[in-house]
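Contents: one structure, followed by commentary.
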Number of protein chains: 2
Amino acid sequence: MSHSVLEAIYTRRSIREFTNESVTLADLQEIIKAGIWAPSGLNNQPWRFAIVTDEEVRAKLSETTHYSRIVLGAPALIAVYLDREAMYDDVKDHQATGACIENMLLATEALGLGAVWLGQILKNKDKVNEILGLSSQYDLMAVLAIGHPQHRRQKSSRKGLDIFILKTFLQEGSDVFQK
Amino acid sequence: MSHSVLEAIYTRRSIREFTNESVTLADLQEIIKAGIWAPSGLNNQPWRFAIVTDEEVRAKLSETTHYSRIVLGAPALIAVYLDREAMYDDVKDHQATGACIENMLLATEALGLGAVWLGQILKNKDKVNEILGLSSQYDLMAVLAIGHPQHRRQKSSRKGLDIFILKTFLQEGSDVFQK
């Protein structure tokens, strides 16, 4: 198991171009199931979701973001929400949503699909709620565009590990230096 | 690959009781590497980390949280930070941190280790920064306690999927209903 989980984490890429093939409801439900198995503070499970494959609804949603081409081109969308009535701490609930979305992205690839995490659409979150018929109790956190990848040529990069590690306090005489 | 990634997501549990065996620096670096391969808005990679295996530093940190027994009992800690100078949007940067931490938790299990995500310690984040010698440029997001699990008997639960799915807009005539 170990190797493939790390491999999945390192090889996952944002997919923005999809074939016309539709995504099954079973797969979308599996992706959401992976999301809800993320940890949350006090296990409050504050996340909520809306599934959209309907073309007319996707067309309306596409008008709420700069990335309309992606929204229109993706056969499936999952809008990720926080339920304000289930929240207990803004920072921790936003973190939990991030953990949930990462699980969803990893699950998407595990199912042979591809996805991209759309955040710019949050600028019009009231409009998105209006289109989806959701009250302000639900705070839009992201939209995932999901489909069958046209290709997997996407590149990504990260800075070197050393830049991110601010401090290291190692136990003297431990075998911490050895693998 | 697919099955094991979903399995990892569904079987991961918070580990709070560890053996005395130390954790190698190589494993801690691998866990952080998995973290930084999470997605972030504009790929700003705002996360930073401090590694602590030193017993004296762990003892000091244990005094900053209700969960001192976990902090003392874990052979390794990774404090996860946001670099305020690298941030661009509070909500999205907090989400990115959550995605990063979820990768770290999955990587920990993939390496045969266990971890728990500690959030209560944020109440004393200034004190934690003082102990670690970090300025207020770095905003503590979580501490992960990491080690070799004493056991893997932990249970967890989630509400039913239906509770989380607020709306479904399905394309008529598509094969979305079929697996």
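Report, as an integer, the average count of C-beta atoms from other chains found within 10 Å of each Cβ along B:104-117.
Rounded to a whole number, the mean comes out at 3.
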With 10 angstrom as the radius, rank A:Leu106, B:Leu6 by how many other C-beta atoms surround their C-beta, starting from the fewest.
B:Leu6, A:Leu106
Per residue and in Å³, how big is the convex hull formed by the alpha-carbon atoms of the protein assembly as shown?
126
Chain A, Gaussian network, Cα under 10 Å: of A:Leu82, A:Leu166, A:Leu132, the residue fluctuating most is A:Leu166
For the stretch B:4-154, build the charge dipole from Cβ charges (+1 Lys, Arg; -1 Asp, Glu) around the Cα centre, then report which of B:Ser135, B:Leu105, B:His94 sits farthest towards its positive end.
B:Leu105
Computed [θ] at 222 nm, deg cm²/dmol, chain B (DSSP H ≥ 4; -39,500 (n - 2.57); rounded to nearest 500):
-11500 deg cm²/dmol
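Can you compute the charge dipole magnitude of the protein assembly as shown about its Cα centre, using +1 on each Lys and Arg Cβ and -1 on each Asp and Glu Cβ, nothing else charged? Give it in debye, rounded to the nearest 20.
180
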In nm², the average projected area of the convex hull spanned by the Cα atoms of the stretch B:1-71 is 7.1
Quick one: longest stretch of chain B between exposed loop GluC sites (Glu not before Pro), exposed meaning at most 15 other C-beta atoms within 10 Å and loop per DSSP?
B:86-171
Mind checking which of B:Ala26, B:Ala99, B:Ala79 has the largest fluctuation in a GNM of chain B, springs on alpha carbons under 10 Å?
B:Ala26
Zero-based 5 Å bins, Cα pair distances in the stretch A:4-154, whole percents:
2, 10, 20, 22, 21, 15, 7, 2, 0
At 0.36 nm per residue, and after removing the present C-alpha to C-alpha distance, how many nm does the segment from A:Gln137 to A:Glu172 gain when stretched out fully?
7.4 nm
What aspartates and glutamates could a cross-link reach from A:Lys167, if we take a straight Cα to Cα line under 19 Å and drop same-chain neighbours fewer than 8 places away?
A:Asp175, B:Asp27, B:Glu30, B:Asp54, B:Glu55, B:Glu56, B:Asp83, B:Glu85, B:Asp126, B:Glu130, B:Asp139
Can you give me the C-alpha center-to-center distance between the stretch A:72-146 and the stretch B:1-43, rounded to a whole angstrom?
23
Of the candidates B:Val91, B:Val57, B:Val143, which one comes out as most mobile in a Gaussian network treatment of chain B with C-alpha springs shorter than 10 Å?
B:Val91
Which entries in A:Lys155/B:Lys125; A:Lys33/A:Lys155; A:Lys125/A:Lys159 show an alpha-carbon gap greater than 30 Å?
A:Lys155/B:Lys125; A:Lys125/A:Lys159
Test of understanding: what is the full-extension gain from B:Asn43 to B:Ala86, defined as 0.36 nm times their sequence separation minus their Cα-Cα distance?
14.4 nm
How large is the direction-averaged shadow of the alpha-carbon convex hull of the stretch B:114-179, in nm²?
9.6
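Every number here is computed from the coordinates shown, using simple stated rules; none is lab data. The structure displayed is predicted, hence computed values, not measured ones. Every residue, glycine among them, receives a Cβ derived from its backbone with ideal geometry; neighbour counts consider all protein chains shown.
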